[in-house]
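J.: Take this structure first; my questions come after.
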Amino acid sequence: MLILTRKHDESILILCPSGECVEILVSKIENERVKLGVNAPQSVRIFRKEVYNTMGAVNTVPEVAKTSSTDAKQV
């Protein structure tokens, strides 16, 4: 496991074998909560781990709404 330290408005990049990249941005830090923004190609499916584990238990994957980074709600 790789552990990184990031501050507000700093990000990390994950490079995919296809040459595309996923950016994870520290959007907000408040109390003991961190809000992350994820900018990825539409072909990359992104889930919270607990949701993904639940989907595996029922052996189904729900249809994911396709949104661009410009459609994401700013918090």
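J.: For Ser27 and Met55, what does the FRET efficiency come to when R0 = 30 Å and r is the distance between their Cβ atoms, rounded to the nearest 0.05?
T.: Details: r = 25 Å, r/R0 = 0.84.
The value I calculate is 0.75.
J.: Oh, and also: Taking a cut-off of 17 Å, what percent of all Cα-Cα pairs in the stretch 1-51 are separated by more than that?
T.: On the way: 572 of 1275 pairs.
Tail fraction, whole percent: 45.
All of the numbers you see were taken from the coordinates with simple rules; none came from a lab. Since we're looking at a predicted model, the values are computed, not measured. For neighbour counting, all protein chains shown are included, and Cβ atoms are generated from backbone atoms with ideal geometry for every residue, glycine included.
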